[in-house]
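Take a look at the structure set out below.
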Amino acid sequence: MKHHTREQLQVFAQIEPDVRPLNMSHSERLERWAELLEQSPSHHLATLYETEHQSAAVRDTLRSDGSPISVAFNDPMLRAAGLQDDTYGEALRFFGLRDWQLHGVICYCHFGATVNAATAAGLVRSILSGERSGLLARMRALFFG
């Protein structure tokens, strides 16, 4: 193993300062996730296929590149707050969600292969406000943003 000084490393690597875990409340985490999704509102994000038909062990490992969960995982702030990966189970744990809540944001059965980022953000915000994301709420979000 070759060792380098900090100055030598700066030539070919970006050096980040030591980062302590960021303390964010449940609401702050969800708010940040919604904000990230709203940054590209027309972006189509991948859904996860039939989460409700998977065993808990399988469901917890489900993931997809370009999903609403991966948008959250790509954020350094949420990773610093403890988001460990972009799996369904990790999103449940980190965001403190119930299965039916995350299912409503991410599952194929509601949107098909992709969900609009603005729609996903609206559903995350409905969780924040305590609204249920039933069929009528999803339809309203799809048609009116």
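FYI, it's all coordinate maths here, none of it is from the lab. A quick note: this is a predicted structure, and the numbers were derived from the prediction, not measured. For neighbour counting, all protein chains shown are included, and Cβ atoms are generated from backbone atoms with ideal geometry for every residue, glycine included.
Data table
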read-out: Full-stretch length increase - residue 23, residue 85 - with 0.36 nm per residue and alpha-carbon distance subtracted; value: 20.6 nm
read-out: Efficiency of FRET from Cβ geometry, residue 31 and residue 114, R₀ 30 Å, rounded to 0.05; value: 0.80
read-out: Vicinal HN-Hα couplings computed from phi for region 32-40 (Karplus, 6.51 cos²θ - 1.76 cosθ + 1.60; Hz; Gly/Pro x); value: 5, 4, 4, 4, 4, 5, 6, 5, 9
read-out: Cβ-defined net charge surrounding residue 90, 9 Å radius [Lys, Arg +1; Asp, Glu -1]; value: -1
read-out: Charge tally in the Cβ shell below 15 Å around residue 61, where Lys, Arg are +1 and Asp, Glu are -1, residue 61 excluded; value: -4
read-out: Mean Cα-pair separation over length for region 25-144, i.e. relative contact order, pairs under 8 Å, 6 or more apart, %; value: 37 percent
read-out: Dipole magnitude of region 25-144, debye to nearest 20 (Cβ charges: Lys/Arg +1, Asp/Glu -1, about Cα centre); value: 260 debye
read-out: Protection-proxy order for peptides 118-127, 71-80, each taking the mean of Cβ atoms within 10 Å per residue, highest first; value: 118-127, 71-80
